[in-house]
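So the structure is just underneath, and the comments pick up after that.
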Amino acid sequence: MEASLVKPMVAAIDSDITWKNRFDHFLARWSWKRNQHLVEPGLYALGRPEKESPVFVTANYTLSFDALRSALKGIDCYILVINTYGINVWCAAGKGTFGTDELVNRIAVTGLANVVSHKKLILPQLGAPGVNAFEVTKRSGFKVEYGPVRAADIKDYLQAGSKATPEMRRVKFPVADRVVLIPVELVASVIPAILITIAGFLTGGLVSALAAVTAVLAGVVLFPVLLPYLPTKDYSSKGLFLGLILALPFAGYTYLSNPQVTVWTALWMLTFPLIMPPITAYLSLNFTGATPFPSRTGVRKEIYRYIPIMAIMAGLGTVIQLAVAALNFLKVI
């Protein structure tokens, strides 16, 4: 579709974040109606932009959109929202929905070329993996420019003549950013956690049930908090290490609570370091898609490398636990 034949449709917005917006953010963080925290894709005018005003691009996820417009307070500009199906910029870039085709299409259907006199788009740096800048320019005529990692740095970026300092380009992932990921993972882990806890209780009583809960919480809560401090590079091995450390007290308790240590006691002690680390590590893998550090190819290799190890460990531990529990039930031991 020729840009000159498209009638521009521009909606007016402001930069104020209301309590309704904040409540929406809260619900999104807790995965309530996860795919319904959407902004209508299209072109938005913030303040009183003119033909020379800058154009920023973002995802149609409410948290991404609101973070950008609030950071642009006092700046007259346009915001081009592309359809990422309610997924944030970083994750959508990895999935391909924050990508070249959708960006080119949104430029065309909004008639952006008839709204601004320049040919420059400012994209979030974390959207770069999904966009072929050369292809965008070739197909739309608009040049892609990558802004800073954090929306909070946009004003300084513009004041510096659209030049990002090394600090603006540096991806940071402080504890506050890691902690906000916990609620979504908690909600997603509730049912598996209940099933694992019940299984643990039926085979090993209260201690095994508590071990199951600990392994799940370690992967969902402790892992993102301790992420930079855990040894090794891969998320899976970090999770295995964390799960092993937390399994040792349960194995130690089993040893201390049995005055006469038999081969069956030793086998039961072994089930904790066999079962808990894979649970923690598997849940830790969820954060590969929510953090800015892993690459798509790296995550794929990691999954192929460690999932079989996790399966073998958990399977062996479960077989031993069931066997010892059955023998104990039959009064054989």
Please determine, by comparing only the residues of the stretch 197-213 that are modelled with pLDDT of 90 or more and crowded, with 20+ Cβ neighbours inside 10 Å, which one is nearest to Tyr282 (Cα to Cα). Ala212
Matching entry among Ala160, Ala151, Ala164 (being surrounded by fewer than 16 Cβ atoms within 10 Å (Cβ to Cβ), over 30 Å from Ile320 (Cβ atoms) and either outside the structural domain of Gly243 (by TED's automatic domain parsing) or of a type in the set (Phe, Trp, Tyr) (or both)): Ala160
Return yes or no: is Thr97 modelled with pLDDT under 95 and β-branched (Val, Ile, Thr)? yes
Filter the stretch 148-167 down to the residues that are assigned to a loop (DSSP other than H, G, I, E, B) and touching a Leu at 6+ places or on another chain (Cβ under 7 Å) and list them by number. Val149
Taking strands (runs of 3 or more DSSP E) that fall entirely within the stretch 44-147, which contain at least 3 residues that are touching a Lys or Arg at 6+ places or on another chain (Cβ under 7 Å) and in contact (Cβ under 8 Å) with a residue 12 or more places away in the chain? 77-82
If you check Ala93 against the conditions, is it in contact with a Phe, Trp or Tyr (Cβ under 9 Å, 6 or more places away or on another chain), surrounded by 17 or more Cβ atoms within 10 Å (Cβ to Cβ) and of a type in the set (Gly, Ala, Ser)? no
If you check Tyr85, Tyr78, which single one turns out to be assigned by TED's automatic domain parsing to the domain that holds Phe23, modelled with pLDDT of 95 or more and aromatic (Phe, Trp, Tyr)? Tyr78
In the stretch 126-146, which residues are touching a strand residue (DSSP E or B) at 6+ places or on another chain (Cβ under 7 Å) and crowded, with 21+ Cβ neighbours inside 10 Å? Val131, Val136, Phe142, Val144
Candidates Asn60, Asn35 - the one that is buried (at least 22 other Cβ atoms within 10 Å of the Cβ), over 19 Å from Asp153 (Cα atoms) and under 17 Å from the mean Cα position of the chain (by Cα): Asn60
Restricting the search to the stretch 168-201, which residues are in contact (Cβ under 8 Å) with a residue 40 or more places away in the chain and either more than 19 Å from the chain's Cα centre (by Cα) or not in a helix (DSSP H, G or I) (or both)? Arg169, Val171, Phe173, Val180, Leu181, Ile196
Please list, ordered by residue number, the helices (runs of 4 or more DSSP H) wholly in the stretch 218-333 having 1 or more residues that are over 19 Å from the mean Cα position of the chain (by Cα). 235-256, 263-284, 296-329
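The values are calculated or read from the model by the stated rules, or taken from the named source; none is laboratory data. Treat the numbers as computed from the prediction; the structure is a model and nothing was measured. Neighbour counts are summed over all protein chains in view; Cβ atoms, including those assigned to glycine, are modelled from backbone coordinates with ideal geometry.
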